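These notes concern the structure reproduced below.
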Amino acid sequence: MTDWQAVLVGFLVGVVASIFAFALPGVGHVAAGLVGGFAAGYLAGGGLGRGAWHGLLAGALGGLVVALLISIAVSLIGVAFGGPFGLFGGAGVFLIGTIIAFLLAVDSAIGGAIGGILSD
């Protein structure tokens, strides 16, 4: 079962760390993902797999929200203007956005796995 409180705390820790990450472009953002994922994994506990899952969700949460908002906008525009997008276009945008969000959250999953191991 997913501990959504741990995911939300990890997400917020990652957002705060990302603000400071601009001091070290590239490296800082990876470190922010690791820290946010670590927080989620540590709070969720349960070992490597559970920590990695919660870190992955914490890292991907922002991307999932953005993908959802963009897919709704594409669907509404497609329905309003009768273009080729419509509802299916919005679903496709959400699918691609979800895949990208989870790929970019791999560093958070690694941090979550470490946090999950250290919490036990």
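Can you pull out the residues in the stretch 17-31 that are assigned to a loop (DSSP other than H, G, I, E, B) and either surrounded by 10 or more Cβ atoms within 10 Å (Cβ to Cβ) or of a type in the set (Gly, Ala, Ser) (or both)? Once the filter is applied, which keeps residues that are assigned to a loop (DSSP other than H, G, I, E, B) and either surrounded by 10 or more Cβ atoms within 10 Å (Cβ to Cβ) or of a type in the set (Gly, Ala, Ser) (or both), the stretch 17-31 yields PHE22, ALA23, LEU24, GLY26. When restricted to residues that are farther than 11 Å from GLY116 by Cβ and either without any contact (Cβ under 8 Å) to a residue 60 or more places away in the chain or not in a helix (DSSP H, G or I) (or both), the stretch 32-55 contains 1. Of the residues making up the stretch 78-92, not a single one is in a helix (DSSP H, G or I), more than 15 Å from TRP4 (Cα to Cα), in contact with a helix residue (DSSP H, G or I) (Cβ under 8 Å, 6 or more places away or on another chain) and in contact (Cβ under 8 Å) with a residue 24 or more places away in the chain. Restricting PHE38, PHE11 to those that are over 21 Å from GLY97 (Cα atoms) and aromatic (Phe, Trp, Tyr) reduces the list to PHE38.
Where a number appears in this text, it was derived from the coordinates with a stated rule and is not lab data. Just so we're clear, the structure is a prediction, and the values are computed from it rather than from any experiment. A quick note on method: Cβ atoms are made from the backbone with ideal geometry, for glycine too, and the neighbour counts reach across all protein chains shown.
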